[in-house]
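Novice: Here it is, the structure, as structure tokens.
The values are calculated or read from the model by the stated rules, or taken from the named source; none is laboratory data. Owing to the predicted nature of the structure, the values given are computational and were not obtained by experimental measurement. Backbone-built Cβ (ideal geometry, glycine too); neighbour counts: all protein chains shown. Side chains are part of the model used for accessible areas, which takes the heavy atoms of the whole protein and leaves out ligands, DNA and RNA. Shrake-Rupley method; radii C 1.70, N 1.55, O 1.52, S 1.80 Å.
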Amino acid sequence: MKQLLLAISILIGTSIYAQQIPNGGFENWVQEPYGEEPANWGELNLQLLNSLIPGILDSTIVKSQDAYSGNYAMELRSKAVSDTITDTIIPLVMLNLKNDNLDSASMKITNTLLSLSGYIKQDLVAVDSNSTSISVFVYSEGSFTGIGAIEFNVDIVDYSSFDIPIFYFDTIASDSIEIWITGGNSVAPVPGNIMLLDEFELHYQTATGLEETISSEISVYPNPFNDQLIIELQPSNTMEFKLYSILGEMVLKGNVNSDINTIDLSNLPPNIYFLKMENESFKLIKEK
């Protein structure tokens, strides 16, 4: 099926501004029965486990003084449940989860979200098969409209910055977000991961000028696709494209400069991908 864009609307003179997430610097903490948690953040796996067997595990979150700035950072640790139960609990931290007496793990926003940034350092066990991740889920009027995600699969000795771009599907719209942070690989969990995070910020787009419509057509097909993707430009011109995995990793970059371009993607595994071309993004599905 073709995905066709006609008369793309763009904003002239847009600007970007940053906003810190509530307690995105992890300076404020609250006491829970199983340990301290940063205000406005909660650990889902721990809460579920302790609701079934109270007191079986203390917090997977540590109030760390090893901060990028300020007094504290949030430290996540994967750990074995107990000496007798060898299952590993992977931290799953969510914004606005329970400890602040909120109804759901989401946050209202008022403008188009472009990215989430912050700082990370970590020490992983079994680096070859282990990773941590941060995901941002974007909603508009209850519908899932965009996603941003990043995976960290190496040791990070010193605090390093990250920026997670948001990829929108058919409609660029956002009024609420969810942020999920995992402190390990849920497929092959191991105890001993240490993940430190600090200074989370959201980056929004605001319009400072007038709206303009340009005459352009971009066709991307088939979708779903198997080995090849076709990008068709009318009229013929030159555009750069970038293809990202669902975790936000760029897997391919190139240019298209003719009416019909065939892109070989046979080496990619089946999954969801996002194609970025100029100010537009396309959600693509590879079947096999």
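Novice: Considering only residues that are in a loop (DSSP other than H, G, I, E, B) and either at pLDDT below 85 or β-branched (Val, Ile, Thr) (or both), which ones fall in segment 174-188?
Specialist: Of the residues in segment 174-188, the ones in a loop (DSSP other than H, G, I, E, B) are 174-175, 183-188.
Of everything in segment 174-188, those that are in a loop (DSSP other than H, G, I, E, B) and either at pLDDT below 85 or β-branched (Val, Ile, Thr) (or both) turn out to be 186, 187, 188.
Novice: Is there any pair with a first residue in segment 221-234 that is in a strand (DSSP E or B) and a second that is crowded, with 19+ Cβ neighbours inside 10 Å whose Cβ atoms are under 6 Å apart and which are 6 or more apart or on different chains, and what are they?
Specialist: 231/220; 231/256
Novice: Which numbered condition trips up residue 132, out of (1) crowded, with 20+ Cβ neighbours inside 10 Å; (2) more than 30 Å from residue 189 (Cα to Cα)?
Specialist: Tallying (1) crowded, with 20+ Cβ neighbours inside 10 Å; (2) more than 30 Å from residue 189 (Cα to Cα), residue 132 fails exactly one: (2).
Novice: What pairs come out if I take residues in segment 149-173 that are touching a residue at least 40 places away in the same chain (Cβ under 8 Å) and outside any strand (DSSP E or B) and pair them with residues that are open to solvent by 30 Å² or more (accessible area, probe 1.4 Å) and not hydrophobic (A, V, I, L, M, F, W, C) whose C-beta lies under 7 Å away, six or more apart or interchain?
Specialist: 169/283; 172/112
Novice: Next question. Any idea how many residues of segment 252-288 are under 18 Å from residue 218 (Cβ atoms), without any contact (Cβ under 8 Å) to a residue 60 or more places away in the chain, open to solvent by 50 Å² or more (accessible area, probe 1.4 Å) and part of a strand (DSSP E or B)?
Specialist: 5
Novice: Search segment 235-251 for residues being in a loop (DSSP other than H, G, I, E, B) and not charged (D, E, K, R), and hand back the single one that is surrounded by the most Cβ atoms within 10 Å (Cβ to Cβ).
Specialist: 248
Novice: Quick one: in segment 58-78, which of the residues that are in contact (Cβ under 8 Å) with a residue 60 or more places away in the chain and open to solvent by less than 30 Å² (accessible area, probe 1.4 Å) is farthest from the chain's Cα centre (by Cα)?
Specialist: The selected residue is 64.
Novice: Moving on to the next point. Please specify each residue of segment 33-49 satisfying the condition of being closer than 15 Å to residue 89 by Cβ and either of a type outside the set (A, V, I, L, M) or part of a loop (DSSP other than H, G, I, E, B) (or both). Break it down into steps so the answer makes sense when it comes.
Specialist: First pass over segment 33-49, keeping only residues closer than 15 Å to residue 89 by Cβ: 34-35, 37, 42-49.
Matches in segment 33-49: 34, 35, 37, 42, 43, 45, 47.
Novice: Return only the number of the condition from (1) modelled with pLDDT under 90; (2) open to solvent by less than 40 Å² (accessible area, probe 1.4 Å); (3) touching a strand residue (DSSP E or B) at 6+ places or on another chain (Cβ under 6 Å) that residue 34 does not satisfy.
Specialist: Single failed check for residue 34: (3).
Novice: What is the residue count in segment 106-129 for residues that are farther than 18 Å from residue 94 by Cβ and either buried (at least 19 other Cβ atoms within 10 Å of the Cβ) or not acidic (Asp, Glu) (or both)?
Specialist: Of the residues in segment 106-129, 14 are farther than 18 Å from residue 94 by Cβ and either buried (at least 19 other Cβ atoms within 10 Å of the Cβ) or not acidic (Asp, Glu) (or both).
Novice: Starting from residues that are within 21 Å of residue 73 (Cβ to Cβ) and polar (S, T, N, Q), keep the ones in segment 29-57 and report whichever is farthest from the chain's Cα centre (by Cα).
Specialist: The residue in question is 31.
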